[in-house]
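Notes follow once the structure below has been shown.
The values are calculated or read from the model by the stated rules, or taken from the named source; none is laboratory data. These figures come from a predicted structure and were not determined experimentally. Note that we place each Cβ from the backbone using ideal geometry, even for glycine, and neighbour counts take in every protein chain shown. Surface areas here come from the heavy atoms of the whole protein model, side chains and all, with no ligands, DNA or RNA. Shrake-Rupley method; radii C 1.70, N 1.55, O 1.52, S 1.80 Å.
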Amino acid sequence: QVQLVESGGGLVQPGGSLRLSCAASESLFSIYVMGWYRQAPGKRRELVATITRSGSTNYGDSVKGRFTISRDNAKNTLYLQMNSLKPEDTANYYCNAVWSGLNYWGQGTQVTVSS
């Protein structure tokens, strides 16, 4: 079983930046793919970005060019650098890991973009 703990959320003004972190209880070398998803009130959970064990990345259309996903295998930590934030980026952001064929989720961290 993989435990995931997110951090780094908060309140930021439009145009600002935040970096989210996700600490995993297992070595990232054993996790095939990790990702970030988000869910706003009244909306379905949507893909933000994923990264495979080999480093291949995939982004949701709404964040391309603004967000960057990365992983530090030595620290067992996944990151999401978010730049040029917009009010529509406001959501609860969840870390995800696919490990031994199963999906694991963190508890989420709230990001609010507002002036």
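If you filter region 7-115 for trypsin sites (Lys or Arg not before Pro), then keep DSSP loop positions with at most 15 other Cβ within 10 Å, what is left?
On the way: sites: Arg19, Arg38, Lys43, Arg44, Arg45, Arg53, Lys64, Arg66, Arg71, Lys75; in loops: Lys43, Arg44, Arg45, Arg53, Lys64, Arg66.
Sparse-neighbourhood loop trypsin sites (Lys or Arg not before Pro): Lys43, Arg44, Arg45, Arg53, Lys64, Arg66.
What ranking of Val98, Val113 comes out by heavy-atom accessible area, probe 1.4 Å, highest first?
The ranking, largest first, comes out as Val98, Val113.
Of all the accessible heavy-atom surface of the chain, with the other protein chains kept in place and a 1.4 Å probe, what percent is carbon and sulfur? Walk me through the numbers on the way to the answer.
Values: 2790 of 6000 Å².
That fraction is 47 percent.
If you count only protein heavy atoms and use a 1.4 Å probe, how large is the accessible surface of Tyr94, to the nearest 10 Å²?
30 Å²
Given a 1.4 angstrom probe, what's the average accessible area per residue across region 56-115, in square angstrom? Display every interim value, and only then the final one.
Details: 2950 Å² over 60 residues.
Result: 49 Å² per residue.
Could you tell me what fraction of 2.2 N^0.38 Å the Cα radius of gyration of the chain comes to, as a two-decimal ratio?
1.00
Can you tell me what the convex hull of the Cα atoms of region 1-52 projects to on average, as an area in nm²?
For region 1-52, the mean projected area of the Cα convex hull comes to 4.9 nm².
Over region 1-106, calculate the relative contact order: mean separation of alpha carbon pairs under 8 Å at least 6 apart, over the residue count, as a percent.
36 percent
With unit charges on the beta carbon (Lys/Arg positive, Asp/Glu negative), name the residue among Gly35, Gly65, Thr77 whose Cα is farthest towards the positive pole of the charge dipole of the chain.
Gly65
Give me the accessible area of Ser100, 1.4 Å probe, in Å² rounded to the nearest 10.
Surface open to solvent at Ser100 totals about 90 Å².
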